[in-house]
1. Only one residue in MET348, MET289, MET320 is surrounded by 11 or more Cβ atoms within 10 Å (Cβ to Cβ), modelled with pLDDT of 90 or more and not β-branched (Val, Ile, Thr), so which one is that?
2. Yes or no: the stretch 251-271 includes at least one residue that is closer than 30 Å to PRO10 by Cβ and in contact with a Gly (Cβ under 8 Å, 6 or more places away or on another chain).
3. State all residues of the stretch 351-399 that are among the basic types (Lys, Arg) and either open to solvent by less than 80 Å² (accessible area, probe 1.4 Å) or part of a loop (DSSP other than H, G, I, E, B) (or both); if no residue qualifies, say none.
4. Answer yes or no as to whether ASP340 is modelled with pLDDT of 75 or more, closer than 30 Å to GLU296 by Cβ and assigned to a helix (DSSP H, G or I).
5. For the stretch 295-317, which residues satisfy the criterion of being at pLDDT below 85 and not acidic (Asp, Glu)?
6. If you go through the stretch 130-166, how many residues are free of Cβ contacts under 8 Å to residues at least 60 places away in the same chain, crowded, with 19+ Cβ neighbours inside 10 Å and either outside any strand (DSSP E or B) or touching a Gly at 6+ places or on another chain (Cβ under 8 Å) (or both)?
7. On the basis of being open to solvent by less than 20 Å² (accessible area, probe 1.4 Å) and either basic (Lys, Arg) or touching a strand residue (DSSP E or B) at 6+ places or on another chain (Cβ under 8 Å) (or both), does VAL281 make the cut?
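The values are calculated or read from the model by the stated rules, or taken from the named source; none is laboratory data. Remember, it's a predicted structure, so these values are computed and weren't measured experimentally. Quick reminder, even Gly has a Cβ in these numbers, built from the backbone with ideal geometry, and neighbours come from all protein chains shown. These area figures cover heavy atoms from the full protein model, side chains too; ligands, DNA and RNA do not enter into them. Shrake-Rupley method; radii C 1.70, N 1.55, O 1.52, S 1.80 Å.
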Amino acid sequence: GRALSVAMYPIVPKDQTSQWEDFTVKNQQWVEKVVEFQTTFPDAFRSGVDHGHSDMDMDMDMDMDMDMHKGLGNVLTDPNELVHNVSEVVFHFDDNGMPTRDSDTDIMLPLWQHAPVHPGLPRTNYDAYTVERNQGALDKVIQDQAAVLGKFYELDESCYGHDFPPMSPELETETWSEIWTHVQSMHKGHNGGNSHHGHSMNHGNQELNHQHHQVSGLDGPGVNIFYPVFSDLYDQNRTVVAVLTLTTKWNSFLVHNLPPDPKGLIVTLNNECEQSFSFEVTGKEVIYMGPGDHHEAKYDSYKKCFPLTHARSVFTEVPMANEYCTYTASVYPSSQMREDFASNTPLMYTVAVAVIFFFTLFVFVFYDYLVQTRQKYLVETASRSNAIISSLFPKIVRDRLMEDGGQNANKSVTWKTEAVRDGAGNNKPAGPPIANFFANTTVMFG
């Protein structure tokens with residue numbers, strides 16, 4: 001699949017928070033480099049420029065890229081629009097949607113270098129460890145030094161693909177210094193305005209999510225791939241010092257791993273964290289059906305399951321934590337798919353084969369009939385010939401005719417019908433006579 005965003009989250013211990021916050025404020029040059037890259041190579045966010053694909057694959061890539069490019073939201077490509085302002089403290093959003101400084105956690109994973117960069121107020125120093133659904137995966141990465149496929153979440157609840165809530169429109173026009181001054185004054189007031197404003201902020205977030213979903217096309221289930229960044233590549237005692245996070249859409253996995261011709265193929269993905277969601281794959285289009293299992297129960301017997309696991313990373317040999325929220329893909333047919341295959345074509349082929357078989361059988365029987373008829377005719381003819389010969393010739397002549405017909409059949413015409421001349425010029429039979437030769441004969445007439 002293709003990533004919507006990539007972000008680096010350094011691991012900051014609680015006792016080093018101040019040093020980290022000071023460092024991020026003084027080192028923002030990387031943002032300018034990212035924006036410069038986005039300006040110089042705007043097509044870098046479209047995988048359709050890749051080579052080595054067939055025309056069909058390119059078409060699929062381009063279709064997918066249009067959707068993915070919309071899902072990236074408004075990518076910043078004008079350096080003049082870059083906001084040089086980051087939060088000077090590590091923060092998270094409270095239940096009311098208000099930015100709140102981190103203070104209760106032993107470690108923090110603040111957002112640092114990331115791409116793409118979007119217009120508006122930067123989210124640098126947002127603590128990803130405060131997102132409850134990601135805590136288990138991040139703990140697994142740090143403790144087991146393994147790559148982890150996290151839980152899925154709805155992308156229309158994210159911030160330009162990053163896994164944290166969008167900022168309220170009321171705060172987007174302010175600087176971080178103004179925001180923190182406003183937050184501090186609200187905490188000091190304790191006059192109930194906080195709750196009211198929090199409700200307004202929550203409503204603003206919902207409206208922003210809706211607009212974000214409608215305008216940018218950023219919807220459907222997303223997933224974070226958490227990858228450990230080590231203090232040393234070869235030291236056996238190395239530790240994880242940061243987490244690299246890639247966010248992608250689940251349908252980007254399905255487009256390139258399923259045949260391009262199914263219509264109505266239902267793919268249900270579920271994990272061991274009791275999450276599930278379904279897609280309908282029709283040709284090159286992957287349609288998100290929503291959370292839960294949406295296949296038709298009457299096709300349960302056709303279910304095919306495929307665990308989505310891998311032992312190690314192909315490139316870095318980093319192990320995959322397959323025991324954490326392991327995903328399983330279940331594939332089902334649907335009524336739409338059945339309609340495409342339930343046609344008269346098999347019946348037509350069956351009838352055609354049957355007709356050919358019976359025609360061949362008829363030809364064989366007819367040929368056998370003709371052979372038997374001919375044999376019968378020859379037997380009857382031979383019987384009549386034998387009867388004629390028996391009535392015309394005596395037995396001794398008949399026997400000689402029959403014997404000679406068997407032994408000298410190829411020569412019978414020659415010695416029976418031709419004669420040779422002897423030395424005196426007299427005719428001489430070419431073979432032995434059929435009848436007996438009697439030198440003297442007495443014929444009596446009565």
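1. Only one candidate qualifies: MET289.
2. Just the residues of the stretch 251-271 that are closer than 30 Å to PRO10 by Cβ, to begin with: 252-253, 271.
Filter once more, so that each one left must be in contact with a Gly (Cβ under 8 Å, 6 or more places away or on another chain): 252-253.
Within the stretch 251-271 (the criterion being closer than 30 Å to PRO10 by Cβ and in contact with a Gly (Cβ under 8 Å, 6 or more places away or on another chain)), the answer is yes, since at least one residue qualifies.
3. Result: ARG398, single match.
4. Details: modelled with pLDDT of 75 or more: yes; closer than 30 Å to GLU296 by Cβ: yes; assigned to a helix (DSSP H, G or I): yes.
Yes: the conditions hold for ASP340.
5. Going residue by residue through the stretch 295-317, those that are at pLDDT below 85 are 308-317.
Listed by number, the residues that qualify are LEU308, THR309, HIS310, ALA311, ARG312, SER313, VAL314, PHE315, THR316.
6. So the first thing to find is which residues in the stretch 130-166 are free of Cβ contacts under 8 Å to residues at least 60 places away in the same chain, and the list is 130-133, 135, 139, 143, 157, 159, 166.
The next check asks that each one be crowded, with 19+ Cβ neighbours inside 10 Å; those that pass are 130-131, 159, 166.
In the following step, the residues that additionally are either outside any strand (DSSP E or B) or touching a Gly at 6+ places or on another chain (Cβ under 8 Å) (or both) were identified as 130-131, 166.
Selection size over the stretch 130-166: 3.
7. Values: open to solvent by less than 20 Å² (accessible area, probe 1.4 Å): yes; either basic (Lys, Arg) or touching a strand residue (DSSP E or B) at 6+ places or on another chain (Cβ under 8 Å) (or both): yes.
Yes.
For (1) assigned to a loop (DSSP other than H, G, I, E, B); (2) among the charged types (D, E, K, R); (3) modelled with pLDDT under 90, each residue gets a yes or a no:
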| position | (1), (2), (3) |
| --- | --- |
| TYR9 | no, no, no |
| SER18 | no, no, no |
| MET64 | no, no, yes |
| ASP67 | no, yes, yes |
| THR77 | yes, no, yes |
| ASN80 | no, no, yes |
| VAL83 | yes, no, yes |
